[in-house]
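Here's the structure, in structure tokens; my notes come after.
The values are calculated or read from the model by the stated rules, or taken from the named source; none is laboratory data. Keep in mind that what you see is a predicted model, and the values were worked out from it rather than measured. A quick note on method: Cβ atoms are made from the backbone with ideal geometry, for glycine too, and the neighbour counts reach across all protein chains shown.
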Amino acid sequence: MKKQNLVVIGNGMAGARTVEEILARGGAHQFDITMFGDEPTGNYNRILLSGVLNGSYQEEEIYLNPLSWYVENKIFLHAGKRASGLLRRAKVVFGEDGRPEPYDKLIIATGSRPYIPPMEGTTMPDGSYKPGVFVFRSLDDCREIAEYAKGKKSAAVIGGGLLGLEAARGLQNFGLQVSVVHLAGHLMQVQLDRAAGNILKADIEMLGLKVLLEKNSTAILGRDQVLGLRFADGSTLETDMVVISAGIKPNWEIAAGAGLTTERGIVVDDQMRCIDDRDIYAVGECAQHRGQTYGLVAPLWEQAKVLADHITGKNPQAAYHGSKVATKLKVMGVEVASMGIVEPEYPEDEVVQFSEPKRGTYKKLIIREGRLVGGILLGDISKAAYLMQAFDRNTPLPEERLQLLFDIGDPPKQVTFEEMNLDTQICNCNGVSKGALIACVESGKRSPKAVMDATRAGMGCGSCKTMVREIVEWACGGNTEEDPSVHYYVPGVPLTKPELIRAIREYNLKSVSAVFDYLAGGKEDAASKPGLASLLKTLWHAEYEDEPDARFINERVHANIQKDGTFSVVPQIPGGITSSAQLRRIADVVDKYHVPLVKLTGGQRIDLLGLKKDDLPKVWRDLDMPSGYAYGKSYRTCKSCVGTEFCRFGVGDSIGLAMKIEHQFQGFDSPHKMKLATAGCPRNCSEAMVKDLGAVAVEGGKWEIYIGGAAGSSVRKGDILTVVNSHEDVLKYMGRFIQYYRENAKYLERTHGFVERLGISKIRAVVVEDSEGIAERLDREIAESKAGYKDPWKDMVRSATPNQFSTLLPVIS
Amino acid sequence: MGEVTIGPLSAIPPGEGRSFVADGEKIAVFCTRGGKVFAVQAECPHRGGPLADGLLGGTTLICPLHGWKFDLTTGNPLMGECAIKTFPARVDETGQIVVDI
């Protein structure tokens, strides 16, 4: 096969690394490689430039590939020759001497150049920098700075970022008094917050550097050479030289000139290809991927691998998904690690912080939904390796936050996935072992959802889902594929919940089949039906057009299916208060229909189990009690203690409140079941603090409202939403929360997951303080839902569909 | 047994299933919202769940007990290990469901 011409514009770290990766994949057999580099040398490690400046490295020590490497690998290097033009139609690159270099595939790795902030007096009339003005980007810059510094007394560095501080340290070694002039309020604001920046400032001032913050340099003073700086506030600084290190600008001009899409950088897709030309790639600091440009090497290495996999055909599916930016470095002897964001972005972001400025130690972590999204370590970075891994892999953090910051005694005996036995059972509902999950991953399933679907792990009570997800991620070595449907409300309609609600309202969709027709191209999805039915009922109340086939069998026949295909019936008993007449009626039903099992439930009701489907309407008629909804993804019941009725400790009427709650919320569809309780005093006998919603009476006629409690497959004490003075206010705030939950929770997300996901402060703000101005609407929706309530047992007896209650129909043959 | 007339199409609401017994053989018959009819064995091979009470979307059926999934056109499992028996089914010109058992 004839070899293709591969031309690489740029011989910096990105260009050379990409070529190395291509060669490692046998690319020498596929391509004749030509590179343009505007520096006359091989390529060197630009990160170590400050080491050259401060004398800790010799120039030749920072070379990555000497010129001989290019010869050995048959790469033709235009050393010291800039590429000046690109003609895509003819597929040629022009060198600055005008010589064309034809290509089949082209890689643009032009990197970036220093950003020069607008200042008077930066340049001389001929356009060259004023003597004493320098940028800090190349070996040449290093040499010139070192030469000029001889015999000078002072220097100023504009820019207090990482590179600026390193340059300042280098200049200090020439015996200069160095000032760092920084525009922002603290040093290294990309990697550090203000507190850490201030500690760093104190540290480096101890080393004899001057730090000027919030100084906007407007002019470089001196006619023929640098004499000083002037700032926007009118003050000045005397200095013999100025090194500008105020950030970088991607070099995209050659791409833009050829009509390729450029924004902040050259826009590329997940294969690092330019979006408008399939034969041109861009990599490194000049490339913009998903809106991001990167100025660090780790992302560049990842990009180079993907590009090489793709261009050589080694892995045509290779894709770059963006990088999480984490750095560990030493600034003037101070050890710093930084990852992700430096300040919390949402009220529910959790901040864990330790500060000991006297010793120069500072640690701060930002945690979102149990995962690390940002961190700063200053002074003591002993935990950096662990934290950076947790950040990069998005693994859940231990509950004990203290051990994130410090090594405290013996670490808990938590077995890693590596050490865990293959036959350890992970899903206790469906009996799925670690080994079975790994086997499934090895068979090609690369997303947690695909593995769960295939093995049924996590599909029972759901409490192991997090661990299943983590094991799948671990088994995939971090290369999981995300199933986009995890963001949808239901898998069969490609919309998130807010998008779906908007579309349902916009198109006036009142039945599940209408939703499939309008929003899923007419394609029905069985598993999505109950979630849609629940949502439509919540949105349209009485106007919802019920289609029984969209409902799970329990909600179709308003009873709970049992293991043998029979059903259980639980009539409504508000507050758990019954009577002799009611009990007699129930007893008669038990006898008449030969109910095999009668059981008191945990929700203070009576369960009749083992009924045939055919008997259900007759049982309901004979009971003459409303449905207790013990089968639905809906409001279930409200337990109560005796309260002030007889109890000598009771301080609030818990029975009365439970009955009001029952009548307010009965029959409400919701993303998952809601179990409630009221307690007449803080002894909490009815366990109201571990219910989806609970109300606990406290002295002084007050009620504490708890939300997000759980005591099932997960156990969680609820959070206090608010404290109110009356039954009516309990109903009001409970109702608001219920409606907010109904509109915003994922299908099958219990309140405890919902409250943890959003955070109690966010929910309190919306529900109690009305921060979004929706409280009145939520109240109105609740009132409409209440008005739309019909007892399904009475309703069903009248409006059954054909053979709805037939277990087995005979065929006359 | 050959072809058996099960009953009128109206015996099964769209998107649902019903169980029938014909000469001792229990079958679950479904009528999709697209208007097609399918007949399969009545009980789930996993734990005997009543398939006629399952959720139906297109031609995918989900057992009500533990969520095993089957494709009604072939009987093949979409989740789970065992297939289910299928029987050819059609609606005749008088609107009766006919199953070849």
Next on the checklist: Given the criterion closer than 19 Å to residue A:809 by Cα, surrounded by fewer than 21 Cβ atoms within 10 Å (Cβ to Cβ) and among the acidic types (Asp, Glu), identify the matching residue among B:53, B:71, B:23.
Outcome noted: B:23
Checklist entry - Taking only pairs six or more apart or across chains, which ones have beta-carbon atoms under 6 Å, a first residue in the range B:46-60 that is without any contact (Cβ under 8 Å) to a residue 60 or more places away in the chain, and a second residue that is aromatic (Phe, Trp, Tyr)? => result B:46/B:68; B:56/B:30
Checklist outcome for this item: Scanning the range A:463-474 for residues that are surrounded by fewer than 20 Cβ atoms within 10 Å (Cβ to Cβ) and of a type outside the set (D, E, K, R), the one modelled with the highest pLDDT turns out to be A:467
Next on the checklist: Please count how many residues of the range A:736-775 are without any contact (Cβ under 8 Å) to a residue 40 or more places away in the chain and on the phi < 0 side of the Ramachandran plot.
Outcome noted: 8
Item to check | Index of the failed condition, residue A:567 passing every other in (1) more than 11 Å from chain B (Cβ to nearest Cβ); (2) crowded, with 23+ Cβ neighbours inside 10 Å; (3) over 36 Å from the mean Cα position of the chain (by Cα) | outcome: (1)
Checklist outcome for this item: Those residues of the range B:1-12 which are of a type in the set (A, V, I, L, M), farther than 24 Å from residue A:524 by Cβ and more than 7 Å from chain A (Cβ to nearest Cβ) amount to B:1
Next on the checklist: Condition first: touching a helix residue (DSSP H, G or I) at 6+ places or on another chain (Cβ under 6 Å) and either within 14 Å of chain B (Cβ to nearest Cβ) or at pLDDT 90 or above (or both). Now tell me which residues in the range A:789-802 satisfy that.
Outcome noted: A:793, A:801, A:802
Checklist entry - What strands (runs of 3 or more DSSP E), lying completely within the range B:13-56, carry at least 3 residues that are at pLDDT 95 or above and more than 10 Å from chain A (Cβ to nearest Cβ)? => result B:37-41
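Every residue, every condition in (1) in contact with a Ser or Thr (Cβ under 7 Å, 6 or more places away or on another chain); (2) over 26 Å from residue A:188 (Cα atoms); (3) not β-branched (Val, Ile, Thr), yes or no:
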{"site": "A:276", "(1), (2), (3)": "yes, yes, yes"}
{"site": "A:280", "(1), (2), (3)": "no, yes, no"}
{"site": "A:296", "(1), (2), (3)": "yes, no, yes"}
{"site": "A:310", "(1), (2), (3)": "no, yes, yes"}
Next on the checklist: Which numbered condition in (1) surrounded by fewer than 23 Cβ atoms within 10 Å (Cβ to Cβ); (2) touching a residue at least 24 places away in the same chain (Cβ under 8 Å); (3) farther than 30 Å from residue A:523 by Cβ is the only one that residue A:554 fails?
Outcome noted: (3)
Item to check | Among (1) under 30 Å from residue A:565 (Cβ atoms); (2) in contact with a Phe, Trp or Tyr (Cβ under 8 Å, 6 or more places away or on another chain); (3) buried (at least 19 other Cβ atoms within 10 Å of the Cβ) - the single one residue A:778 does not satisfy | outcome: (1)
Next on the checklist: Criterion first (within 18 Å of residue A:604 (Cα to Cα) and of a type in the set (Phe, Trp, Tyr)) does residue A:649 satisfy it?
Outcome noted: no
Item to check | Neighbours by Cβ (under 6 Å, 6+ apart or cross-chain): first from the range A:521-543, away from chain B (no Cβ under 11 Å); second surrounded by fewer than 21 Cβ atoms within 10 Å (Cβ to Cβ) and in a helix (DSSP H, G or I) | outcome: A:541/A:784
Item to check | Test: residue A:581 is in a helix (DSSP H, G or I) and in contact with a Pro (Cβ under 8 Å, 6 or more places away or on another chain) | outcome: no
Next on the checklist: Given the options A:737, A:754, name the one that is surrounded by 18 or more Cβ atoms within 10 Å (Cβ to Cβ), among the aromatic types (Phe, Trp, Tyr) and more than 23 Å from the chain's Cα centre (by Cα).
Outcome noted: A:737
Item to check | Per-region count, the range A:162-187, residues closer than 23 Å to residue A:52 by Cβ and surrounded by fewer than 17 Cβ atoms within 10 Å (Cβ to Cβ) | outcome: 2
Checklist entry - Among the numbered criteria (1) crowded, with 21+ Cβ neighbours inside 10 Å; (2) in a helix (DSSP H, G or I), which single criterion is violated by residue A:524? => result (2)
Checklist entry - Looking only at the range A:188-224, which residues are out of contact with any Ser or Thr (no Cβ under 9 Å at 6 or more places or on another chain), outside any loop (DSSP other than H, G, I, E, B) and surrounded by fewer than 17 Cβ atoms within 10 Å (Cβ to Cβ)? => result A:194, A:202, A:205, A:206, A:218
Item to check | Restricting the range A:423-453 to residues that are surrounded by fewer than 20 Cβ atoms within 10 Å (Cβ to Cβ) and touching a strand residue (DSSP E or B) at 6+ places or on another chain (Cβ under 7 Å), the residue that is nearest to the other protein chains (Cβ to nearest Cβ) | outcome: A:431
Item to check | Tally, over the range A:172-187, of residues that are outside any strand (DSSP E or B), over 18 Å from residue A:339 (Cα atoms) and at pLDDT 90 or above | outcome: 5
Checklist entry - Out of all the residues in the range A:559-572, which are in a loop (DSSP other than H, G, I, E, B) and in contact with an Asp or Glu (Cβ under 9 Å, 6 or more places away or on another chain)? => result A:565, A:570, A:572
Next on the checklist: Yes or no: the range A:93-112 includes at least one residue that is in the same structural domain as residue A:240 (by TED's automatic domain parsing) and basic (Lys, Arg).
Outcome noted: no
Next on the checklist: Based on this model, can you work out whether residue A:331 counts as modelled with pLDDT under 90, assigned by TED's automatic domain parsing to the domain that holds residue A:365 and surrounded by 14 or more Cβ atoms within 10 Å (Cβ to Cβ)?
Outcome noted: yes
Checklist entry - On the given criteria, is residue B:85 more than 9 Å from chain A (Cβ to nearest Cβ), among the basic types (Lys, Arg), surrounded by fewer than 22 Cβ atoms within 10 Å (Cβ to Cβ) and without any contact (Cβ under 8 Å) to a residue 40 or more places away in the chain? => result no
Checklist entry - Looking at residue A:549, is it in contact with a strand residue (DSSP E or B) (Cβ under 6 Å, 6 or more places away or on another chain), without any contact (Cβ under 8 Å) to a residue 60 or more places away in the chain and either within 14 Å of chain B (Cβ to nearest Cβ) or surrounded by fewer than 18 Cβ atoms within 10 Å (Cβ to Cβ) (or both)? => result yes
